[in-house]
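The structure appears right after this line, and notes come after that.
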Amino acid sequence: MLNTYNFPEFHYERSADQDSVKPVKHPVVVVGAGPMGLAAAVDLARNNVPVVILDDNNTVSVGSRAVCYAKRFLDISDRLGVGQRLVDKGVTWNIGRVFLDEEQIYSFNMLPEEHHRRPGFINLQQYYMEEYYVDRIVGLDNADLRWKNKVVNIVDENDVVTLTVQTPEGEYQIQADYVIACDGANSKVRAMCGLESKGQVFHDRFLIADVVMDPKNFPPERWFWFNPPFHDGQSTLLHRQADNVWRIDFDLGWDADPEEEKKPENIIPRVRAFLGEDVEFELEWASVYTFTCRRMDEFHKGRIFFAGDAAHQVSPFGARGANSGIEDIDNLVWKLKLVMEGRAPESLLDSYSKERVFAADENILNSTRSTDFISPKNATSRVFRDAVLKLAKNYNFARPLVNSGRLSVPPILTQSPLNTADTSKFLCKVVPGAPCTDGPVVRNGQDDFLLTCLGNTFNGLLFIDQRQELTQDILDQLAELADQDVPVKTYIVARHEMDIALPNGVEWLVDKVGAVNERLDAKSGTFYLMRPDQLVTARMRQFDQQAVVAALNKALGK
């Protein structure tokens, strides 16, 4: 029954940089080949930005670690060429159930809308995700992944970053225009820069137990118990991963001895009491953890940028770690690319920290609230929590107050300096700063989805009802947008394709079921401008080329 996953071992290989008399300079160096470092490297390389990735290890993460990946994570991974493998291997789920003692008090659906390409969440062990991203990097010419290359010193001066790297064959130096530090919660790069991450340490201990068992025992859903009858802690969480592996999280309390609790002879009786005496299982991996909610003051210093856990940490409740980390990468890479190409001012890079600090604060707030609700720190808070839970069984008004780990949704960057103020009266939540919604479309006669079409460039969506509304003057203006230094490719969205010749840089999308029009509250003439990370940066009720150009320049930090 045991999981047969074979952890790959990647071999150290000597780099030509190690034989150079002077440090070789690279456009971007990524430190850390964990989930965020790998995603950054793939995104850079596929955008024709050469990248070197340095990692002090030579395999993927041991243990399941991050397991819950939200729709936004999958949408980004689709653009990076990894999404389908994640979905194919992962366990798809949308349903969650909440219990108090032995009784279910309610359930919820993470994806109540139809017509999305991806589910609300999948569960997949982190080692699979890392393996798939490593495979993707191997197929990219612009990425150089170096195992057993440990960064031991870093200096940012004179518009260049110099890194000293330790290998099995000794030390060498390389240089970079920019460095992205993705080396985790205990970031050595952060420490070498004299920076710190500040926040709250929670006086809780939790046991993670990954067990292998027959899938007939539990469905692929997220089940959360408050005051579990089988365990003396305040909560227990169960959800399924690939290969019939279930993740179980037990609240142990602050006084638990971590070394004792993670011994198999103590874990197995606890798991058996939870699953029942008649359920066969085998223990695959276990860990006891304490967590913090903290962040750096700023997510970059000079030419060194921090992403993922190196920049910010949250508790595991709500699956906000990897999901927010990949949003960091999605936010940063397009900006680096345009600045390095000289098509945007370097000041554009300042928006990375402003936008992602805002997002981190929202994630930390929600994560802290979840933790405080799940494990109250005093009797009064517990009485309030249990009263809310009892009301939630029969009264809908109480259910929004129940917080079993508010699951990750992408923050809406309403305060972004790159947004154009929205003065139009729209009746949807896809505001400037929000990720674009998805929906099925037909492109060139083939079924597709909107987010797949948008890709990784600036895009416009122009909604048209009638043929006569699409004048030659509008077509000429759209062609001019596509011919700029930073081009805007426009998709004309209609309920059916019209017999009109379109200029280069303009395509039809047929909104086959009307979902895109509905979700974007589109009327004829409505125009949306999307950033390369598929966030809305401007919208207007009537297309105005000058307004679009002004919004584009603002989104470029000009």
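Kirkwood Rh over Cα pairs of the chain into Stokes-Einstein at 20 °C, 1.002 mPa s: D in µm²/s? Walk me through the numbers on the way to the answer.
Details: Rh = 25.1 Å.
My calculation gives 85 µm²/s for D.
Taking 1 over the mean of 1/r across every pair of different Cα atoms in the range 234-355, what Kirkwood radius in Å do you get?
Numbers: mean 1/r = 0.0558 Å⁻¹.
Every distinct Cα pair counted, the radius reaches 17.9 Å.
Where does each of 319-329, 185-195 land if you order them by average Cβ count within 10 Å, highest first? Write down the numbers at each step before the final one.
Numbers: 319-329: 27.0, 185-195: 16.8.
Those peptides, ordered most packed to least, come out 319-329, 185-195.
Is there a pair in 337/558; 188/301; 71/523; 429/523; 301/335; 337/554 whose C-alpha atoms are over 20 Å apart, and which pairs would that be?
From the list (337/558; 188/301; 71/523; 429/523; 301/335; 337/554), the Cα-Cα distance tops 20 Å for 71/523.
Contact order normalised by length for the range 125-210, with contacts defined as Cα pairs under 8 Å and 6 or more residues apart; what percent is it?
Answer for the range 125-210 is 17 percent.
Which distance in Å, rounded to a whole number, links the C-alpha centroids of the range 315-343 and the range 253-312?
Value for the Cα centre distance between the two parts: 24 Å.
For residue 11 and residue 166, what is the calculated FRET efficiency with R₀ set at 22 Å and r taken between the beta-carbons, to the nearest 0.05?
Values: r = 17 Å, r/R0 = 0.77.
According to the calculation, E is roughly 0.85.
Setting aside same-chain residues fewer than 8 positions from residue 377, which lysines have a Cα under 29 Å from its Cα?
List returned: 198, 262, 263, 390, 393.
Taking the simple approach of a point 7 Å from Cα along Cα-to-Cβ for both residue 289 and residue 384, what is their distance in nm?
Here the answer is 2.7 nm between the modelled labels.
Let me have the relative contact order for the chain, percent, based on Cα pairs under 8 Å that are six or more residues apart.
Values: 1180 pairs, mean separation 75.6, N = 558.
Over the chain, the number comes to 14 percent.
Run a plain Debye calculation on the range 1-138 (Cα atoms as equal point scatterers, no solvent) and give log10 I(q)/I(0) at q = 0.18 Å⁻¹, rounded to two decimals, same order as the q list.
For the range 1-138 at q = 0.18 Å⁻¹, log10 I(q)/I(0) is -1.08.
For the range 285-367, what's the radius of gyration and Dmax over Cα atoms, in angstrom?
My reading of the Cα-based Rg and Dmax gives 14.2, 49 Å.
Give the calculated FRET efficiency between residue 542 and residue 113 to the nearest 0.05, with a Förster radius of 30 Å applied to their Cβ-Cβ distance. Please report the intermediate quantities before stating the final value.
Numbers: r = 28 Å, r/R0 = 0.92.
Efficiency computed from Cβ-Cβ geometry: 0.60.
What's the Kirkwood radius of the range 440-555 in Å, using all Cα pairs?
Details: mean 1/r = 0.0715 Å⁻¹.
Taking every pair of different Cα atoms in the range 440-555, averaging 1/r and inverting gives 14.0 Å.
Would you calculate, for the chain, the mean residue ellipticity at 222 nm contributed by helices, counting each DSSP H stretch of 4 or more residues as -39,500 (n - 2.57) and dividing by all residues, to the nearest 500?
On the way: 14 runs with 153 residues, N = 558.
Value at 222 nm, helices only, nearest 500: -8500 deg cm²/dmol.
Given an 8 Å cut-off on Cα distances and at least 6 residues of separation, report the relative contact order of the range 440-555 as a percent. Walk me through the intermediate numbers first.
Numbers: 201 pairs, mean separation 35.5, N = 116.
In percent, rounded to a whole number, it is 31.
Computed from the coordinates by the stated procedures, all read-outs in this text should not be read as laboratory data. Everything quoted here is computed from the prediction, not taken from an experiment. Note: ideal-geometry Cβ built from the backbone for every residue, glycine included; neighbour counts use all protein chains shown.
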